[in-house]
Every structure is written in C-alpha cells, then in structure tokens.
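As structure tokens, the structure follows; a few thoughts come after it.
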Amino acid sequence: MTTFGRVTEVTIAGMVFKAPPMTIQFEAPFGAGVSADVTNVRIFNLSDETIANIKLGDPVVIRAGYEGDVGTVAVGTGESATTKWEGIDKVTTLLVGDGTAEWLTARINRTWREGVKASEVARDIIGLLGLSIGRIQLPNDVTYPRGRSFSMPAKEALEGIAEDCGARLHVTRQAVYLVPPDHRETVGVVLTADTGLLDSPEPVSDAPGAYRIRTLLQHRITTDAMVEIRSRTANGEFRVEQGLHRGGNEHVTIATVVPV
C-alpha cells in the first residue's frame, strides 16, 4: 500500500492540524442507518495550550486523501475530548458527532395543518434540528388529510415519515436524507487496481450481489455514492451502502456496495 502523498487535515474551531508533519489517526464511518455517524480522531503531541483551546461543541471538519486530491470525509461537532499518555506520546482523542447531539436529544411537539404534505413536515423537523437537508425525495409524498401531530423525539418523527412514504432515512455529514430505498447519488468513482482498488472485492454472505471493497482512501465514496468496479470478482455499477474512511497507520476506505 502506498504511503506517498497521504494528507489528513483536521480543523477544530479554526485551528488547523495537518499530517504530515503531525501524526493523526481517524476512523470516519458512514452508513444508511438512522443513527448519526460518530468519528474518532486521535491527534498526537498537542501542546497543553492547544488542548485547553479545544471545547466541546466546537465545529470539526476532517479532510483526507492524497496530494492533489483531498476532500471532506467527516463534518460535525466535538462531543468529547480526552488526553492520555501512550508511552512517550501524548494523544488527544476526540469523538466528533455528525449531528449526534441534536439527533438524539431534540424533541418535536407540534401539529401541522390539514392537507399538509409529508415533505413539508420533514423539512420543518430537519430545520428544528439545526441540520442541513441533504435530499428529500420521497417515493410517495403522502398528504395528511387530517394534519399531522408529533410529540416525540425528532428522530422517531422522521422515522415515521420515512415509513409512511416508503423512504430510507439517514444522516451523512450533518445533512438529513429521505430518499427511495434504491437511491444513488450521481458522483461516480471508477475503481480498478490502477485507481486504488486494494485486493479483490469480497462477496457479502448475507446480501446477494453485495460486495465488501477496500481502496486507497477515496473521499468521494460515501453513502449512496455510485461506483464502477472493474476486478476479477466484481464488475459493473454499484451503490455504496455503508463503510468507513480510516487514516493513520493505513489510509483506506472500506465499504459495502450493492448492485444497481
């Protein structure tokens, strides 16, 4: 695996940390589930003054890739920060929530008018969460003839709307998506041995047609991205379901893909 040209940048409330020359490790998951993603970041040997300036709730952006092709792999807010000695290294570990606090704690107590569309209710709820709308594309944008009322956690309300409309709900990079079950974004990545595909894709035993792939870190790969794979074991177009970006000792993206 190549180590040449690896780049990781972590920005915390305007402070920028870059590897190299620093040592930074991270795991940034992404998935199609309803739980918000939480990224783990480890930054080595920060000064006491810098550590003191890191506050819970600070905005955090993680960008990674290779020289000439670096992009965002995670966006969120600092949910926790701890510093411990590991041998001769002082390691600061941050948990970065992809809207986690808002997603898990916000409650909705509101009634919408008769004849309101599900898409309008969903937009209002997402706005109350303080998250962005990634995409609202409901297979069946139902009308609620008697209006709609929610008095429950916002996450459960959006899950209810997704069920009503036959949609799939997920949160990615602080944006909420309500999309058809087979939805895929138009960003395309061609994966071959020459463009970063590592090993041969492995079939997923409990998901016919699905494969587990491992590539050199590719920031464009995220939930619902479309990839074209050319390999000995898998060929064709696939939609990304879930996975993670990992930086540090290795600089890779691991994902589960399904045929389209």
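Six or more apart or on different chains, Cβ under 7 Å: which pairs go from a residue in region 43-63 that's in the same structural domain as LYS90 (by TED's automatic domain parsing) to one that's acidic (Asp, Glu) and part of a loop (DSSP other than H, G, I, E, B)? Could you list them?
none
Among the residues of region 199-231, which ones are part of a strand (DSSP E or B), buried (at least 17 other Cβ atoms within 10 Å of the Cβ) and either at positive phi or more than 20 Å from the chain's Cα centre (by Cα) (or both)?
Selection gives PRO201, ILE229.
Within region 83-100, restricting attention to residues that are β-branched (Val, Ile, Thr) and at pLDDT 95 or above, which residue is surrounded by the fewest Cβ atoms within 10 Å (Cβ to Cβ)?
Let us first name the residues in region 83-100 that are β-branched (Val, Ile, Thr), namely 83, 88, 91-93, 96, 100.
Now drop any that are not at pLDDT 95 or above, which leaves 83, 88, 91-93.
Numbers: THR83: 14, ILE88: 6, VAL91: 17, THR92: 18, THR93: 14.
Going through the qualifying residues, I end up with ILE88.
For a quick check of your reading of the model, give me the residue pairs whose first member lies in region 210-237 and is touching a residue at least 60 places away in the same chain (Cβ under 8 Å), whose second is of a type in the set (Phe, Trp, Tyr) and in a strand (DSSP E or B), with beta-carbon atoms closer than 6 Å and at least 6 apart or on different chains.
From region 210-237, the pairs are THR222/PHE30; THR223/PHE30.
Which condition does VAL176 not pass, out of (1) closer than 28 Å to ASP58 by Cβ; (2) surrounded by fewer than 17 Cβ atoms within 10 Å (Cβ to Cβ), if it passes all the others?
For VAL176, the exception is condition (2).
Restricting attention to region 2-36, and to residues there that are of a type in the set (Val, Ile, Thr) and surrounded by 14 or more Cβ atoms within 10 Å (Cβ to Cβ), which single residue is modelled with the lowest pLDDT? So that I can check it myself, show each step before the final result.
The initial filter retains those residues of region 2-36 that are of a type in the set (Val, Ile, Thr), namely 2-3, 7-8, 10-12, 16, 23-24, 34.
Now narrow it down to the ones that are surrounded by 14 or more Cβ atoms within 10 Å (Cβ to Cβ): 7-8, 10-12, 23-24, 34.
Working: VAL7: 95, THR8: 97, VAL10: 96, THR11: 94, ILE12: 93, THR23: 97, ILE24: 98, VAL34: 58.
Selected residue: VAL34.
Can you go through VAL171, VAL176, VAL190 and tell me which one is within 21 Å of PRO259 (Cβ to Cβ), β-branched (Val, Ile, Thr) and in contact (Cβ under 8 Å) with a residue 24 or more places away in the chain?
Working: VAL171 fails: within 21 Å of PRO259 (Cβ to Cβ); VAL176 fails: within 21 Å of PRO259 (Cβ to Cβ).
Sole residue among the options that is within 21 Å of PRO259 (Cβ to Cβ), β-branched (Val, Ile, Thr) and in contact (Cβ under 8 Å) with a residue 24 or more places away in the chain: VAL190.
Is it fair to say ILE221 is of a type in the set (A, V, I, L, M), assigned by TED's automatic domain parsing to the domain that holds GLY247 and within 22 Å of THR77 (Cα to Cα)?
Details: of a type in the set (A, V, I, L, M): yes; assigned by TED's automatic domain parsing to the domain that holds GLY247: yes; within 22 Å of THR77 (Cα to Cα): yes.
Here the answer is yes, as ILE221 does meet what is asked.
The values are calculated or read from the model by the stated rules, or taken from the named source; none is laboratory data. These numbers come from a predicted model, not from an experiment. With ideal geometry, Cβ positions are generated from the backbone for all residues, glycine too; neighbour counts draw on all protein chains shown.
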